[in-house]
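What follows is calculated from the coordinates using simple rules that are stated; it is not laboratory data. Every value quoted in this text rests on a predicted model; they were computed, and no experiment measured them. Every residue, glycine as well, gets a Cβ built from its backbone with ideal geometry; the counts of neighbours run over all protein chains shown.
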Ligand code: FES
């Protein structure tokens, strides 16, 4: 079956991002993928500190780095990501 490039979500699990929002974001993303049955279509993984802590919490969606993504913004960011055809 031919498919578009698999989408990938990388969440920074470094201590700065984790304590500033990604601890909560992790659960939000997991729930989002489950509720929308996207778990098999996506690679979701954590990363060590990405070296831009002052701009965290950091999330990478495919090759695009999203900075200062607060937990209450996650759903909107994911909606946009999954509605795009990249
Ligand atoms: S902890 Fe996320 S960029 Fe450093």
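Can you show me the helix-derived [θ] at 222 nm for the chain, built from DSSP H runs with n ≥ 4 at -39,500 (n - 2.57) apiece and divided by the number of residues, rounded to the nearest 500.
It comes out at -8000 deg cm²/dmol, rounded to the nearest 500.
In degrees between 0 and 90, to the nearest 10, how far off the longest principal axis of the chain does helix 23-35 point, with axes built from Cα atoms?
Relative to the chain, helix 23-35 is tipped by roughly 10 degrees.
Could you tell me what fraction of 2.2 N^0.38 Å the Cα radius of gyration of the chain comes to, as a two-decimal ratio?
Scaled against compact globular proteins, the figure is 1.05.
When the chain is modelled as a GNM with alpha-carbon springs shorter than 10 Å, which of 50, 61, 26 fluctuates the most?
50
Using 0.36 nm per residue, how much length does the chain from residue 70 to residue 82 gain when fully extended, once their Cα-Cα distance is taken away?
2.5 nm is the gain from fully extending residue 70 to residue 82.
When 28, 52, 74 are ordered from fewest to most other Cβ atoms inside 10 Å of their Cβ, what list results?
52, 28, 74
Got the relative contact order for the chain handy, in percent, Cα pairs under 8 Å and 6 or more residues apart?
It comes to 39 percent, rounded to a whole number.
Output the peptides 15-23, 33-41 sorted from most to least packed, where packing is the average of other Cβ atoms within 10 Å over each peptide's residues.
By packing density, highest mean first, the sequence is 15-23, 33-41.
Give the angle, between 0 and 90 degrees and rounded to the nearest 10, that separates the Cα long axis of helix 74-83 from the longest principal axis of the Cα atoms of the chain.
The answer is roughly 30 degrees.
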